[in-house]
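J.: Before we start, here is the structure in question, set down as structure tokens.
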Amino acid sequence: MPQELNHGPRLSDEEYEAKIIALHRDLPPMPSAEQDRQTRRMALDLAIDHRLGCAFPAERRERLWAIQERVEKRRLWLALRHPLRRFFAKRFARGAQGLAGYLVEEYANVLSRAELERFFGLADGQRPGLPFDTEQISRPRSGG
């Protein structure tokens with residue numbers, strides 16, 4: 001295993017799922033902004049532990065968290081445009097893909113190529129993206 005991927009043991013899929021479920025189960029129905037922020041931070045740490053290793057350096061975790069905070073602000077702006085998605089499905093999809101691309105580009109400033117591929121679960125050379133069907137986005141939800 002390349003040295004850059006040797007960040008100690010990783011959480012198994014089962015351990016990761018159990019910890020994520022417990023993290024969200026303990027939240028009140030309407031968490032405060034700070035509770036939401038702390039939960040997102042803990043979820044990022046769990047994702048790092050699962051995908052990269054429990055010994056991933058704290059300084060690099062902080063850098064990834066700073067990126068997540070910036071992305072969250074952009075995500076909120078995209079969410080404000082969500083009600084209009086039926087009228088602007090392609091633009092909404094481009095915005096979401098752009099946000100995903102921005103996240104990956106920013107993470108690439110912290111993670112090596114091998115770490116990026118492992119974190120996002122990519123095959124060698126595969127580009128990350130979101131699976132979108134713009135027709136599905138523009139259709140109203142059916143009741144149920």
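The values are calculated or read from the model by the stated rules, or taken from the named source; none is laboratory data. What you see is a predicted model, and the numbers here were worked out from it, not measured in a lab. Note that we place each Cβ from the backbone using ideal geometry, even for glycine, and neighbour counts take in every protein chain shown. The accessibility values were calculated without ligands, DNA or RNA, using every heavy atom of the protein model including side chains. Shrake-Rupley method; radii C 1.70, N 1.55, O 1.52, S 1.80 Å.
J.: Taking residue 31 as the residue in question, decide whether it is over 23 Å from residue 111 (Cα atoms), outside any helix (DSSP H, G or I) and over 18 Å from the mean Cα position of the chain (by Cα).
T.: So residue 31 fits the description; yes.
J.: Among the residues of the range 7-54, how many are open to solvent by less than 90 Å² (accessible area, probe 1.4 Å), under 15 Å from residue 115 (Cβ atoms) and either of a type in the set (A, V, I, L, M) or touching a residue at least 40 places away in the same chain (Cβ under 8 Å) (or both)?
T.: So the answer is 10.
J.: Only residues that are in a helix (DSSP H, G or I) and either touching a helix residue (DSSP H, G or I) at 6+ places or on another chain (Cβ under 8 Å) or crowded, with 17+ Cβ neighbours inside 10 Å (or both): list them for the range 101-121, please.
T.: 102, 103, 104, 106, 107, 114, 115, 116, 117, 118, 119, 120
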